[in-house]
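Notes follow the structure.
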Amino acid sequence: MAIEEPIEDKEEAVQQTAERYKVRIEKVNGWYGSKRAIRDVNLNVKEKTVTAFIGPSGCGKTTLLRCLNRMHEMTPGAHADGRVVVDGIDIYDKSIDPVIIRRRIGMVFQKPNPFPTMSIFDNVSAGLRLNGMNNKTIIREIVEESLRNAALWDEVKNDLDNPGMSLSGGQQQRLCIARALAMQPEVLLMDEPTSSLDPIGSSKIEELVRVLKDNVTIIIVTHNMQQAARVSDFTAFMYLGDLIEYGSTNQIFMNPEKELTERYISGKFG
Amino acid sequence: MTRLLDIGLQRITNLIMDMGHLSVDLVNSALESYDKGIMLRPQIFEGSEKLRFLQMEVTDFATELIARYQPVARDLRLIQSFMDAAYGFSRFGRYAYDIAEVLETIGPFPDCDKSQVTTMAKTVKEMIELSVTSLEKLDKNASQKLYMMDDSVDSVFRNYLKKAITQTKKRNFEPKCYVSSLLILRYLERISDHACYIGDCVHYVVTGDPSPRR
Ligand SMILES: Nc1ncnc2c1ncn2[C@@H]1O[C@H](COP(=O)(O)OP(=O)(O)O)[C@@H](O)[C@H]1O
Ligand SMILES: [Mg+2]
C-alpha cells in the first residue's frame, strides 16, 4: 500500500483539489417537464483546456451544455438539479444571479445568430452597454480586442458599421465568438459551432478554439469525432442521457474503455 | 451495415497475410539452402524484393485509409499495426536473403557442424509462423509465447558466441564453419526479435496496450 502524506488541514486539501478544476459537474440531471434528458452526470473540467461532448443526436449534449450556464432553465417547463461548481461556487445556489453566471460563462450557438439589426461594432459592444459600460474609448478597445481574438479584426476593421448580417456564415460565427469574448468570460460553451459552416469556416473556428484556450476554459459540443480529436484535450461521450465515458481525447480516440464508445466513434452504430 | 472502411481493412488484411506467408516461405527456403548447400540466392532475392514492394503498397494503402476514413480506436490501431507488421515481414525477407548470401559467399559447408543453427532455426520458424497466425487470428496471447521463445533464441546465440571464442584457440578450428554459423545465428536472432514486435502489434490492436512484456 502506498504511504500518503498526512493532510494537516483538511479544508485546505479539499480546496486545493477543487481548484484544479474550473468546472465541477456533480450529479446533474436536466429535465423537460417530467422527462429526464440527462441523468446523474458527473464530470470535472480542468482550467484552460478544451473539453468536447460527443454522442449521437438527442443524447443530451446541448442540454448538459445549457445546464452549465443556467440557460437550460430558460426553456419553458425545463429545470435542472445537481451541482455545477465553477471556481468553487455552485452556480445553482439560491443566492446566485443567473444573469451574472451567463456573463462569466459565455455561449456560442449552433447557428450564428448575430443581432440582425445591429452593425458589426454594435453586435460586439451590445453586451457591454447592456451591463452599464458607457466609456466609449474602453468600449472601442474591447471591441477591437475581441474581434482580434476572434480572428475577425483584419477582415472587418474597415466595415465596422456594416450590418452583422452582411458577413459570411463563418464570419458571422466568429462575430458571435467576439460578442461572447467581449464579456471576458472564463468559460466558453460552444454548441456545434461549425455545423452550419463550410470547411474553411470550420477550420478557422477550430484554429481559434486552440488559441482561445490559453485564456479561456472551453467546452464544445460536436457531432464530429474528428473535430473533437483535433481541438479537444478531453472528450466526454454521452448516450441516451448518460455520460458513458470521459477521458483524455487521446485515450478515447485510440483506446476507449467502453465497447459503446468504441462502436460509436468508429461508426459501427445501427 | 458494412462500413466503407471495412472493405479497405479487408484488402489491407489480404495484403498483409500474403506478405506473412511469403516471408515464411522465404526463410524456410533460405534455411534449407544452407542446410543442403543449394544456391537459391536469386530466387530469394526476388521474393525479398516482392516483400519490399508489398510493404510499400501496405504503407500507401494504410495512409490512404487513414486520410480518407479517419479511422479511430481499434480500426486505427489495426492499420498502424499492419504497417508495423508489414515492415517486420519485409525484414524476414531481407534476413532470408542475407542467409542465402552466406552460402553463396563462403559456402558450401558440407563438413560443418550445423546443429546449433538447426536448433535455432526450428524455434525461429515456429516463431515466424506464430507471428503470422497471431495476426490472422488477432491472438493477443501469442506475444507472450513469442517472448519466451525469443529468450531461448537469445541464449543459444549468446552461448554460441562464448563457446566460439574458446573454440578458435583449438587446433582443428575451421573459420568458415564458425563464421557462417555465427552470421546465420545472428540473422535468426534478428528475425526472432521482429517476430516479437509483430506479436506486440497484435497485442496492441486487441488491448490498446503497446508493451505487453514490460
Ligand atoms: N425543448 C425541449 N422540450 C422537450 N424535450 C427536449 C427539448 N429539447 C431537447 N429535448 C429532448 O432532450 C433530449 C436531449 O436533447 P439534446 O440535449 O438537444 O440532445 P443533443 O444536443 O445531444 O442532440 C432529446 O431526447 C430531446 O428530444
Ligand atoms: Mg444539440
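FYI, it's all coordinate maths here, none of it is from the lab. Source: prediction; values computed, not measured. Note that each Cβ is placed from the backbone with ideal geometry, even for glycine, and that neighbours are counted across all protein chains shown.
Taking the C-alpha atoms of region B:4-207, how large are the radius of gyration and the largest Cα-Cα span, Dmax, in Å?
Reported Rg and Dmax, both Å: 18.5, 68.
Could you check the simple spin-label distance between B:Ile165 and B:Glu104, using points 7 Å along Cα→Cβ, in nm with one decimal?
3.3 nm
Per residue and in cubic angstrom, what volume does the convex hull of the Cα atoms of the protein assembly as shown have?
Taking only Cα atoms, the protein assembly as shown has a hull volume of 225 Å³ per residue.
Counting only other chains, and only Cβ atoms inside 10 Å, what mean value do you get across the residues of B:63-74?
Taking the mean over all residues of the peptide, I get 4.
Sorting check: for A:231-241, B:137-147, which peptide has the highest mean count of neighbouring beta carbons within 10 Å, and how do the rest follow?
So the order, starting with the most tightly packed, is A:231-241, B:137-147.
If you consider only alpha-carbon coordinates, what radius of gyration and Dmax does region A:137-177 have, in Å?
Rg and Dmax of region A:137-177, Cα atoms, are 9.7, 29 Å.
Suppose each label sits 7 Å from its Cα in the direction of the beta carbon; what would the A:Gln226-A:Arg83 distance come out to in nanometres?
Spacing of the two 7 Å Cα→Cβ label points: 4.2 nm.
Taking only C-alpha pairs under 8 Å that are 6+ residues apart, what is the relative contact order of chain A in percent?
Relative contact order comes out at 25 percent.
Treating region A:204-270 as a set of equal point scatterers at the Cα positions, no solvent, please give the Debye-formula log₁₀ I(q)/I(0) at q = 0.12, 0.18, 0.19, 0.23 Å⁻¹.
-0.32, -0.68, -0.74, -1.01
If you take the beta carbon distance between B:Lys137 and A:Thr75 as r and set R0 to 56 Å, what does 1/(1 + (r/R0)^6) give as a FRET efficiency, to the nearest 0.05?
0.60
Report for the protein assembly as shown the percent antiparallel among DSSP-assigned beta bridges with both residues inside it, nearest 5.
DSSP beta bridges in the protein assembly as shown are roughly 60 percent antiparallel.
Could you work out the Kirkwood radius for region B:58-158, taking every pair of different alpha carbons, averaging 1/r and inverting it, reported in Å?
Taking the inverse mean of 1/r over all distinct Cα pairs, region B:58-158 comes out at 16.2 Å.
With 10 Å bins from zero, work out the P(r) of region A:129-270 over every alpha carbon pair and list the percent per bin.
10, 36, 30, 16, 8, 1
What is the distance, in nm, between label points placed 7 Å from the Cα along the Cα-to-Cβ direction at A:Arg263 and at A:Gln184?
4.9 nm
Quick one: which residues, 5 or more positions from A:Ser119 or on another chain, have an amide H under 5 Å from its amide H? H modelled 1.01 Å from N in the peptide plane, none for Pro or chain starts.
Result for A:Ser119 returns A:Gly164.
Among the listed pairs A:Lys268/B:Lys145; B:Lys36/B:Lys137; B:Lys125/B:Lys176, which are separated by more than 26 Å between their Cα atoms?
Going by Cα-Cα distance, A:Lys268/B:Lys145; B:Lys36/B:Lys137 fall outside the 26 Å limit.
Among A:85-96, A:36-47, B:34-45, how do they line up by average Cβ neighbours within 10 Å per residue, starting with the highest?
A:36-47, B:34-45, A:85-96
Residues with amide H under 5 Å of A:Ile38's amide H, sequence separation 5 or more or different chain, H placed in the peptide plane at 1.01 Å from N; which?
Residues meeting the amide H criterion: A:Gly30.
Which value, to two decimals, describes the C-alpha radius of gyration of chain A once divided by 2.2 N^0.38 Å?
Normalised by 2.2 N^0.38 Å, the Cα Rg of chain A equals 1.05.
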